[in-house]
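Working notes for the structure below.
The values are calculated or read from the model by the stated rules, or taken from the named source; none is laboratory data. Owing to the predicted nature of the structure, the values given are computational and were not obtained by experimental measurement. Reconstructed Cβ throughout: ideal geometry from the backbone, glycine too, with neighbour counts over all protein chains shown.
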Amino acid sequence: MKERYESPFGARYTSEEMQKLFSPDARYVTWRKLWLALATAEKELGLPITEAQLAEMKAHLTDIDYDVVAAREKEVKHDVMAHLYAYGKAAPSAAGIMHLGATSCYVTDNADLVLYKEALFLVRKELLSVIKALWSFADRYKALPTLGYTHYQPAQLVTVGKRAALWLQDFVTDLQDLDALLADLKFLGCRGTTGTEASFLELFDGEAQKVEEMNRRLASAFGFESCYDICGQTYPRKTDSRILKVLSGMAESATKFASDLRLLQHDGEVTESFGAKQIGSSAMAYKSNPMHAERICSLARYLMTDALNGGLTASAQWLERTLDDSANRRISMCEGFMAADGVLRLVADVASGLVVHEAIIAKRVGAYLPFIATENILMEGVKRGGDRQALHEIIRKASLSAKEKIEKGEKADLLADLAESGAFGMTKTELEKVLEPSLYTGRAAEQTRAYLEKIRPIAEAGETPTDKIVL
């Protein structure tokens, strides 16, 4: 039986890797590593801490007794102190020097930064998968003419690949934003109750350089180049806002991609893959609904609204700190990453399995091409001695007449009507020669080819690089 609420992120949408990263074990083992790193730095800088105490702390990084933690937290109503108590019970010789000079935010905030940084790299891996899949799709179909739409009304021709390149460009922008964020992400360090490091000045007898060196060592131990220049008790909550905004940007890109695909699937031009045994509708067995694209939009909508939490929290931090951020951040930050992980994995899966129905695309192009071709027909008619304004009026009337027939379900032949007018000096056969779709896609294929070549290093980077790619 399952009698308690289970998050859909864990049950349905998020990878095992992301779930493990935000698990209790990952968080609280990181807390213990932070306590060990602090004690190690303090010993190396002259405080009376022994190697035996550090060794005992190191030996008990992972054997967390959650029953002891729960019982202690019930008494003291403080999760950090409960975990510190449990760590001290496991490593009793070091209990007296653990957390020396620190506040709760030393472990909570620094652990969050460690987890968020790792999560951003996981997201980056998924984002690169999306870029790779869309790059390949755009490259394959860069020259295939398709009907373009403005206001979701038929417009000039584009290419399937050019449209995909628009989706791709959004995700590349997200990668650039993510890399900028990662490059600027810093560590809190151990700064004391109001960020002044006063407790450590006391511990190190006023030697400020030792306080600075301690924080440099702590940052380096957890893979950060530096600490924030100025802090209160916490790291600046603007960081959380920036993280959620970057994740929200990916949700925006994903929604654009998935919404376009839903429209295209309605017209039967491009569809997401559909399994041989997949059920599209419980009632209408013939249906092949764009369920994955719809799920992308659904999760992305959650992520975009979740990003509001970062800004609201950052703007509400009173003076050197307040605690109204805690409960919100426990939910909004980890679930923001969970949602981003789910969205990007879905986008990569859908993008790598897109099905292009070229016959349907060609049929729709053929239906509208005579109307689109009228501008070229007009120019050719002028070359053959016609009056531009007079020819324009003939085209306008003939086009409206043809549209009316189509709307009534009747057969229309615009080119035949124009040929019969005699004003253009061309037969229907001559007019049909201008109906080659590639003549009406402009520089779409060329634009796509140039852009794909520009971002080729990203598309070929694979899924694991951590170095920033500069375009």
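Within the range 152-207, being in contact with a helix residue (DSSP H, G or I) (Cβ under 7 Å, 6 or more places away or on another chain), among the acidic types (Asp, Glu) and more than 30 Å from GLU44 (Cβ to Cβ) holds for ASP170, ASP174, ASP177.
Might you let me know whether the range 387-396 holds any residue that is over 18 Å from TYR149 (Cβ atoms), among the acidic types (Asp, Glu) and not in a helix (DSSP H, G or I)? Can you show your working first?
First, the residues of the range 387-396 that are over 18 Å from TYR149 (Cβ atoms): 387-396.
Within this subset, residues satisfying the condition of being among the acidic types (Asp, Glu) are 387, 393.
Still in the list and also not in a helix (DSSP H, G or I): 387.
Taking every residue of the range 387-396 in turn, at least one turns out to be over 18 Å from TYR149 (Cβ atoms), among the acidic types (Asp, Glu) and not in a helix (DSSP H, G or I).
Cβ-Cβ contacts under 7 Å between residues 6 or more apart (or on different chains), taken from a first residue in the range 120-142 that is in a helix (DSSP H, G or I) to a second residue that is surrounded by fewer than 23 Cβ atoms within 10 Å (Cβ to Cβ) and charged (D, E, K, R), are listed as LEU122/GLU17; LYS125/GLU463; GLU126/ARG345; LEU128/GLU463; SER129/GLU463.
How about the range 300-379: which helices (runs of 4 or more DSSP H) wholly inside it have at least 3 residues that are in contact (Cβ under 8 Å) with a residue 24 or more places away in the chain and within 21 Å of LEU244 (Cα to Cα)? I'd like the intermediate steps shown before the answer.
Working: elements: 308-315, 326-352, 358-372.
Qualifying helices (runs of 4 or more DSSP H): 308-315, 326-352.
Consider the range 358-383 and keep the residues that are small (Gly, Ala, Ser) and over 16 Å from GLN156 (Cβ atoms). The one that is farthest from the chain's Cα centre (by Cα) is GLY381.
Okay, residues lined up against (1) at pLDDT below 95; (2) in contact with a Ser or Thr (Cβ under 7 Å, 6 or more places away or on another chain):
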| residue | (1), (2) |
| --- | --- |
| LYS245 | no, no |
| SER273 | yes, no |
| SER281 | yes, no |
| ASN289 | yes, yes |
| LEU312 | yes, no |
| SER326 | yes, no |
| GLY336 | no, no |
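Taking the range 116-151, which residues are of a type in the set (S, T, N, Q) and surrounded by fewer than 18 Cβ atoms within 10 Å (Cβ to Cβ)? Give the steps one after another, and end with the answer.
Initial filter on the range 116-151 (of a type in the set (S, T, N, Q)): 129, 136, 146, 150.
Of everything in the range 116-151, those that are of a type in the set (S, T, N, Q) and surrounded by fewer than 18 Cβ atoms within 10 Å (Cβ to Cβ) turn out to be SER136, THR150.
Taking the range 225-247, which residues are under 29 Å from the mean Cα position of the chain (by Cα) and β-branched (Val, Ile, Thr)? THR234, THR239, ILE243, VAL246, listed by residue number. Applying the criterion of being out of contact with any helix residue (DSSP H, G or I) (no Cβ under 8 Å at 6 or more places or on another chain) and either at pLDDT 95 or above or β-branched (Val, Ile, Thr) (or both) to the residues of the range 291-307, the residue that is nearest to ARG237 (Cα to Cα) is THR305. With the structure loaded, tell me whether ALA102 is surrounded by 18 or more Cβ atoms within 10 Å (Cβ to Cβ), part of a loop (DSSP other than H, G, I, E, B) and of a type in the set (A, V, I, L, M) or whether it fails that test. Here the answer is yes, as ALA102 does meet what is asked. For the range 299-313, the count of residues that are under 26 Å from ALA138 (Cα atoms), of a type outside the set (Asp, Glu) and surrounded by 22 or more Cβ atoms within 10 Å (Cβ to Cβ) is at least one.
Looking at the range 1-59, the helices (runs of 4 or more DSSP H) lying wholly inside it that each contain 2 or more residues that are within 38 Å of the chain's Cα centre (by Cα) and either of a type in the set (Lys, Arg) or exposed (fewer than 13 other Cβ atoms within 10 Å of the Cβ) (or both) sit at 16-21, 24-44. Among residues of the range 26-50 that are in the same structural domain as VAL114 (by TED's automatic domain parsing), none has a Cβ under 9 angstrom from a residue that is of a type in the set (D, E, K, R) and surrounded by fewer than 21 Cβ atoms within 10 Å (Cβ to Cβ) at a sequence gap of 6+ or on a separate chain.
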